[in-house]
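> Just dropping this structure here.
The values are calculated or read from the model by the stated rules, or taken from the named source; none is laboratory data. All of these numbers come straight from a predicted model, not from anything done at the bench. Virtual Cβ from ideal backbone geometry, glycine too; neighbours counted across all protein chains shown. All accessible areas refer to the heavy atoms of the entire protein, side chains included, with ligands and DNA or RNA removed. Shrake-Rupley method; radii C 1.70, N 1.55, O 1.52, S 1.80 Å.
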Amino acid sequence: MNTAFSELSTFARSLGGARIAGRVSEVLGLNLTVAGLERGLGIGERCIVQGRGGPVMGEVVGIDARGTHVLPFGTWRHVVAGDRVEACAGGETVRPDASWVGRVVDALGRPLDRLGPLHEGTEPRPVRAAPPPAFDRRRVGARLDTGIKTFDVFTPLCRGQRMGVFAGSGVGKTSLMAMLARSAEADVIVIGLVGERGREVQDFIQQDLGPEGMRRAVLVVSTGDEPPLMRRQAAWTAMAVAEHFRDAGQQVLLLLDSVTRFAMAQREIGLSGGEPPTAKGYPPTVFAELPQLLERAGPGADGAGDITGIFTVLVEGGDMDEPVADSVRGIMDGHVVLDRRIAEQGRYPAVNLQASISRMLPDCHNEAEYAVLDAARRALGKYADMEELIRIGAYRDGSDPETDAAIRFARPAGRFLSQRKTETLPAAETFAELARLLDESGVTRAG
């Protein structure tokens, strides 16, 4: 009897439910309107449009008196009024597995690297999940050694911390991500490339990341030519993959490039669905989605690992107060600002040390390390204040002993802090070298 009951259960699970279907009534731009599905599908659920060019998967973004409004994961080319639209289930989940490490997948969890099919895990994981409850989480953990000098000293990164990297285009965000992926302490690296240039994907994998970085990485890629649903989905899928490894007890480093392109995709979706534009054309859902995404990273519960998140933000024209940058900065546990002027001087990573901060300070440094950080930051700040006068020759040596010491420190420190993509240095050695430069320059240290 038990055998018969088991077979009956298996057969019941294999049967699909009643097919809920409607018809295309209107196609306008990205927005497709379906009649007959108003009571069958809710916001965020999936459907299949049976177009003449083949089936196209879509997502419900709005419902009103005219019908159900759907956006595509592909294109509505060859779709006409009257085409059949069927509800489908299960499209809102992915099934990550340990075998995904070393692989490249698209926003829907399908392999892109031509290395054969992916082995799927047993448990489906929703791509759009709620952040963990605040009281279920541990506190942020110990400092991570990244091997990047400016990070380890001036903007330290701890387990479970969320850090934003703010920069204009072409200032070195991608190179910085590759450095972190190769050298940071983590069991698994999950990298989400959202709206990336198609030409640069292979460059990032083969040149920036290399075999060393790829060995422990999972890449989720959506290129800039893909529909906004796919670009938004890439960020959600990368987060879901990171959560899978976190719940398995592993330390995960999540690198998401970029939050701005995620926001732009949500802007296209929101405007297509009829939302009103607000700041810089962004509809309200953008600023509701950002914390829903970013809060999912962070420390895990007891027995789980952590997701340490690095989220890049593309600031247009260097405007750090534009709406997306301002919103993300308020969610993060620190921010690193990459400065085009510093990059033009040839110092990489082009971190503006005065504008960057980690909210884990001072607790993540011991007293001696914090003394080095404090003295170095003061000296570099003093030099930055006087730099124009020094450059035009208006400052005379000997006018101020503190400024003289800052000048003697800033130049060799700038050379030392510059770092090639393939170069790493343990944090202890970085602190020791900065301490030596401070002493040789005559910069006083507390304690």
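> Taking the criterion of being free of Cβ contacts under 8 Å to residues at least 12 places away in the same chain, open to solvent by 50 Å² or more (accessible area, probe 1.4 Å) and on the phi > 0 side of the Ramachandran plot, would at least one residue in segment 53-60 satisfy it?
no
> Quick check on Glu295: is it modelled with pLDDT of 95 or more, surrounded by fewer than 20 Cβ atoms within 10 Å (Cβ to Cβ) and under 25 Å from Glu185 (Cα atoms)? First the steps, then the outcome.
On the way: modelled with pLDDT of 95 or more: yes; surrounded by fewer than 20 Cβ atoms within 10 Å (Cβ to Cβ): yes; under 25 Å from Glu185 (Cα atoms): yes.
It is true that Glu295 is modelled with pLDDT of 95 or more, surrounded by fewer than 20 Cβ atoms within 10 Å (Cβ to Cβ) and under 25 Å from Glu185 (Cα atoms).
> On to the next question. Suppose we filter segment 397-433 for residues that are part of a helix (DSSP H, G or I) and either more than 16 Å from Arg377 (Cβ to Cβ) or not hydroxyl-bearing (Ser, Thr, Tyr) (or both); how many remain?
Kept after step one, since they are part of a helix (DSSP H, G or I), are these residues of segment 397-433: 401-417, 427-433.
Then drop every residue that is not either more than 16 Å from Arg377 (Cβ to Cβ) or not hydroxyl-bearing (Ser, Thr, Tyr) (or both), which leaves 401-402, 404-417, 427-429, 431-433.
Going through segment 397-433 one residue at a time, the tally reaches 22.
> Looking at Val94, Val61, which is the one that is closer than 17 Å to Ser222 by Cα and at pLDDT below 95? So that I can check it myself, show each step before the final result.
On the way: Val61 fails: closer than 17 Å to Ser222 by Cα.
Every option except Val94 fails the conditions.
> What residue, among those in segment 324-344 that are over 16 Å from Leu294 (Cα atoms) and either touching a residue at least 24 places away in the same chain (Cβ under 8 Å) or touching a Ser or Thr at 6+ places or on another chain (Cβ under 7 Å) (or both), is surrounded by the most Cβ atoms within 10 Å (Cβ to Cβ)?
To start, the set of residues in segment 324-344 that are over 16 Å from Leu294 (Cα atoms) comprises 336-344.
Applying the additional criterion that residues be either touching a residue at least 24 places away in the same chain (Cβ under 8 Å) or touching a Ser or Thr at 6+ places or on another chain (Cβ under 7 Å) (or both) yields 336-340, 343.
Values: Val336: 28, Val337: 25, Leu338: 25, Asp339: 22, Arg340: 16, Ala343: 18.
It comes out as Val336.
> Now for a separate question. Strands (runs of 3 or more DSSP E) wholly in segment 41-114 with at least 1 residues that are closer than 20 Å to Pro126 by Cα and among the charged types (D, E, K, R) - which ones?
Details: elements: 46-51, 54-64, 67-72, 84-88.
Counting at least 1 such residues, we get 46-51, 54-64.
> Only residues that are hydrophobic (A, V, I, L, M, F, W, C) and open to solvent by 60 Å² or more (accessible area, probe 1.4 Å): list them for segment 104-118, please.
Leu112, Leu115
> Could I ask something else about it? Which residue pairs have Cβ atoms under 9 Å apart, sit 6 or more places apart or on different chains, and have a first residue in segment 428-443 that is open to solvent by 80 Å² or more (accessible area, probe 1.4 Å) and a second that is outside any helix (DSSP H, G or I)?
Sorted first by the residue in segment 428-443, then by its partner, the pairs are Asp439/Arg445.
> Would you please name the residue that is modelled with the highest pLDDT, looking only at residues in segment 383-402 that are more than 25 Å from Ile342 (Cα to Cα) and open to solvent by less than 70 Å² (accessible area, probe 1.4 Å)?
Applying the first criterion (more than 25 Å from Ile342 (Cα to Cα)) to segment 383-402 yields 398-401.
Adding the requirement that they be open to solvent by less than 70 Å² (accessible area, probe 1.4 Å) leaves 398, 400.
Numbers: Gly398: 83, Asp400: 88.
Looking at the filtered set, the residue picked out is Asp400.
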